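The values are calculated or read from the model by the stated rules, or taken from the named source; none is laboratory data. Since this is a predicted model, take the numbers as computed values, not measurements. Don't worry about glycine lacking a Cβ; one is built from the backbone with ideal geometry, like all the others, and counts go over all protein chains shown.
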Amino acid sequence: MSEINLTPLKPAIEKYIPLGRSGLLPALHAAQKIYNWLPEEVASEIAKSLRVPLADVHGVIEFYSMYYNKPVGKKIIRVCTDQACALKNADGLLHHLCAHHGIEPHQTTEDLSLTIEPSPCLGICEQAPVALVDDQAETNISTDFHTYEVGTPRSIVDGTLRILTANCGNGPTSLEKYGKYAGLEKAQALGRLEVIEEVKASGLIGRGGAAFPTGIKGEGAERAIGDQKYVVCNADESEPGTFKDRVLLNDDPHRVIEGMCITAYAVGATKGYIYIRGEYPYIVPVLEHALSEAREAGYLGEHFDIEIRVGAGAYICGEETALFESIEGKRGFPRVKPPFPTTFGLFGEPTVINNVETLCNLPLIISEGAQGYRKFGTEKSPGPKLFCVSGDVAKPGLYEVSFGATMRELLDLAGGVANGRKLKAVLLGGAAGAFATEEHLDIKLTFEDLRAAGLPLGSGVVLVYDETRDMRDALHRIGHFFAHESCGKCYPCQMGTQRQMEILNRVAGGRVLEGDFVRLQDVGWTMTDASICGLGQTAASAVLSAMKLWPELFEVKS
Amino acid sequence: MTVTFLMDGKEVTAQDGQTLLDVARENGIEIPTICFHEATTANAVCRICVVEVEGMRTLQPSCIVKAATNMKVQTRSEKVVRARKTILEMLSATMDLSEAADIQAMMKEYGARDERFPDAVRRESDIKDDNPMYIRDYSKCLLCWRCVQVCADDAQFTYAINFEGRGYETQIGTFFDKAIPQTTCVLCGQCVGVCPTGALKPKREFLLEKGKTPAEISVMNTGRKQRKPR
């Protein structure tokens, strides 16, 4: 083994030392920037500096897909092979790249110049197929793989409303252009409890997928007793098919920050975190710049400040308690609930954690008042809503509508099914969602209407498959996704996602065995009923919905 | 303070803060457990002790859920039995349970079949025999977490072991897979004591099973220092 020079490491991790264990992920990121991977000596030095047990540091490196404890290429190409990209020949792209460089997927060239990996959803589904090349995205890669766009992905935004997305579509909005934090100023004039009452009266429901009333969270954290309270922005957007938060964070960071400031004021929090997924590296400088603008303007500072934390490739960290563990420098294992974050959250303190889109609603609610906000949407699903439309539609993109629009209206906005084809299915809510078909098109996309129809809204994914698509391919990718992303903590999900993948691989390969249908159902129901967190509880959701819609796909071929 | 609630249709009384598992055991109701151990923090990892609580969307792990007034608990509903049976069948398709007598008995009780999942990828690994005190056979490991817990804050505070990989590919491991003598391990043996499946086993037991005689073992240099003659 070659000698590792530790000299550049010390200054790079110095600022994380006071954070202790919580500085572990940032320190590993910084080290990997220097060495390209995490050799034993480096991990050991970080462990000593941050006073974290060696075995624990290794456990963390092993948990996150974007940390490497073996040498990898100077350049890493991550080709998205998830749902939307797969419809645009992502497998072909991956194989083309590998063949061109003479390596297999997951391999590194002999000269250590390049590693190519397939990746779970990169959150740029409307510009599929895409790849992440180091810190830059390559999007709209052409069918011959020769032309593509490089850099921060464009934002393709449309809809019947442009409220949450008013500033989206033209790159990052500066503070000067965003204007003063009018919502925050009004909130401070109203008083803390009034702000919480206003949010409760607005009926705002969380947009991350779990559909929890935002006002109730705020109220719980406000009442909770703790030495320090936290506000966390969940920007770990990783649900396959979801890209709304990417657009909001990149194009309108001040709306997110203002939402966090309003929350912090209402609950009495002094510290905030934005936890952004590792697959969105190009947004980090935008956020850093916006935070410094907000500090200069006095919105952030002594009373409340925000730190950015970057994930490292783990879908599970979108689960709120796993996200806390990750900020605390641990493997992203979800915690047992209760206790809930409002009383026992980050570092064991009362915490409000909200999704990016949820936070973006807050300045609007405070500025317009709950009644003004309720002009949009329905009684039980008030407000504007973003939908991530991708797959086989004429105009994939981010669409803002008022809650209450039907799936048909949304698809019409997106130009309908591409190439004049008929609709086969819509994946609603992402991999953790469910499949819908033609018969569901007139259902209103609201929490209440979808619930009545047995469908989830999830994170606002509307991923379209045309009549020519083989749904077994989509299913085997869902199976692979969950097996890859299960944290491994609880048995139903740890083994169930593996067994589910094995059966779905047989389904996709036309090798269905006698009894597979019932086996798949038992595994699915067991994960749904008995898993510890939302990942396991929804890992079979789309598969079980497909089994109802297309039972013939799971039958033994004679 | 006591609470009164229904467990399998029978009114039971519990101390405030008592877990459902504890209450069940006091009342002669059998709930199976795998990861639960009196000496370690309950993490509700195995989910074999789940029960159905009226009004809850998902099944609840009885090892950590506390009894509350007016709760209605079913310890063997159809859903509960389906989950337990499927978990046991998946375990059997994953690792070597040959030395886990308790789990084999559970499988029998729940009618769980060994061959329920054909063509399943099993978790297999070579025996790690790298120290004089114990061997590690992770083909038998069912990730109950107890060894990691007693090595850390639940008992010994040595932090010699943690997890490798993620999801189905998770395994217990040391820093960069170092041999035990190169770690912080103090050979206290607590991990061996809490292992439910024989994945961690005293070296001596391992050698005896291999057919070595006590006499042969005593002359093997298993790393123990010979006492200097005075």
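Restricting to region A:49-99, count the residues that are more than 14 Å from chain B (Cβ to nearest Cβ), assigned to a helix (DSSP H, G or I) and out of contact with any Gly (no Cβ under 9 Å at 6 or more places or on another chain).
12
Could you say whether any residue in region A:501-512 is without any contact (Cβ under 8 Å) to a residue 24 or more places away in the chain, within 24 Å of the chain's Cα centre (by Cα) and facing chain B (nearest Cβ under 9 Å)?
no
Looking at (1) more than 10 Å from chain B (Cβ to nearest Cβ); (2) surrounded by fewer than 24 Cβ atoms within 10 Å (Cβ to Cβ); (3) on the phi < 0 side of the Ramachandran plot, which is the one condition that is false for A:Arg519?
Here A:Arg519 meets the rest and fails (1).
Among residues belonging to region A:523-544 that are of a type outside the set (Phe, Trp, Tyr) and surrounded by fewer than 21 Cβ atoms within 10 Å (Cβ to Cβ), point out the one that is nearest to the other protein chains (Cβ to nearest Cβ).
Per the criteria, the residue is A:Gln537.
Looking at A:Glu448, A:Glu400, A:Glu439, which is the one that is at negative phi, assigned to a strand (DSSP E or B) and not aromatic (Phe, Trp, Tyr)?
A:Glu400
I need every pair where a residue in region A:534-556 that is without any contact (Cβ under 8 Å) to a residue 24 or more places away in the chain has its Cβ under 6 Å from the Cβ of a residue that is outside any helix (DSSP H, G or I), sequence separation at least 6 or different chains.
Taking only residues 6 or more apart or on different chains, the pairs are A:Gln537/A:Ser531.
Does at least one position in region A:199-220 carry a residue that is β-branched (Val, Ile, Thr), under 27 Å from A:Ser65 (Cβ atoms), under 25 Å from the mean Cα position of the chain (by Cα) and assigned by TED's automatic domain parsing to the domain that holds A:Thr343?
No; the residues of region A:199-220 include none that is β-branched (Val, Ile, Thr), under 27 Å from A:Ser65 (Cβ atoms), under 25 Å from the mean Cα position of the chain (by Cα) and assigned by TED's automatic domain parsing to the domain that holds A:Thr343.
For B:Thr69, only one of the following conditions fails: (1) within 14 Å of chain A (Cβ to nearest Cβ); (2) hydroxyl-bearing (Ser, Thr, Tyr); (3) in a loop (DSSP other than H, G, I, E, B). What is its number?
(1)
Within region B:120-230, which helices (runs of 4 or more DSSP H) (wholly inside it) include 1 or more residues that are facing another protein chain (nearest Cβ under 10 Å) and at pLDDT 95 or above?
Filter on region B:120-230 gives B:146-151.
For B:Glu115, state whether it is under 30 Å from A:Gly479 (Cα atoms), within 13 Å of chain A (Cβ to nearest Cβ), surrounded by 15 or more Cβ atoms within 10 Å (Cβ to Cβ) and acidic (Asp, Glu).
no
So, of the residues in region B:27-51 that are facing chain A (nearest Cβ under 9 Å) and without any contact (Cβ under 8 Å) to a residue 60 or more places away in the chain, which turns out to be surrounded by the most Cβ atoms within 10 Å (Cβ to Cβ)?
If we take residues in region B:27-51 being facing chain A (nearest Cβ under 9 Å) and without any contact (Cβ under 8 Å) to a residue 60 or more places away in the chain, then B:Val50 is surrounded by the most Cβ atoms within 10 Å (Cβ to Cβ).
Using the structure shown, decide if A:Gly496 is more than 9 Å from chain B (Cβ to nearest Cβ), within 25 Å of the chain's Cα centre (by Cα), free of Cβ contacts under 8 Å to residues at least 60 places away in the same chain and surrounded by 22 or more Cβ atoms within 10 Å (Cβ to Cβ).
no
Restricting attention to region B:52-66, report how many residues are over 18 Å from B:Asp8 (Cβ atoms) and facing chain A (nearest Cβ under 7 Å).
2
List the strands (runs of 3 or more DSSP E) that sit entirely inside region A:218-321 and contain at least 1 residues that are among the acidic types (Asp, Glu).
Output list reads A:305-310.
For region A:158-208, which residues satisfy the criterion of being among the aliphatic types (A, V, I, L, M), surrounded by 23 or more Cβ atoms within 10 Å (Cβ to Cβ) and closer than 30 Å to A:Asp412 by Cα?
Correct list: A:Leu164, A:Leu204, A:Ile205.
Of all residues in region A:108-140 being in contact (Cβ under 8 Å) with a residue 40 or more places away in the chain and out of contact with any strand residue (DSSP E or B) (no Cβ under 8 Å at 6 or more places or on another chain), which is surrounded by the most Cβ atoms within 10 Å (Cβ to Cβ)?
Only one residue tops the list, namely A:Gly123.
At pLDDT 95 or above and in contact with a Pro (Cβ under 8 Å, 6 or more places away or on another chain): is that true of A:Val267 in this structure?
Taking the combined requirement at face value, the residue satisfies it.
Go over the candidates A:Leu184, A:Leu161 one by one and state the one that is closer than 21 Å to A:Ala297 by Cβ and either among the β-branched types (Val, Ile, Thr) or at pLDDT 95 or above (or both).
Every option except A:Leu184 fails the conditions.
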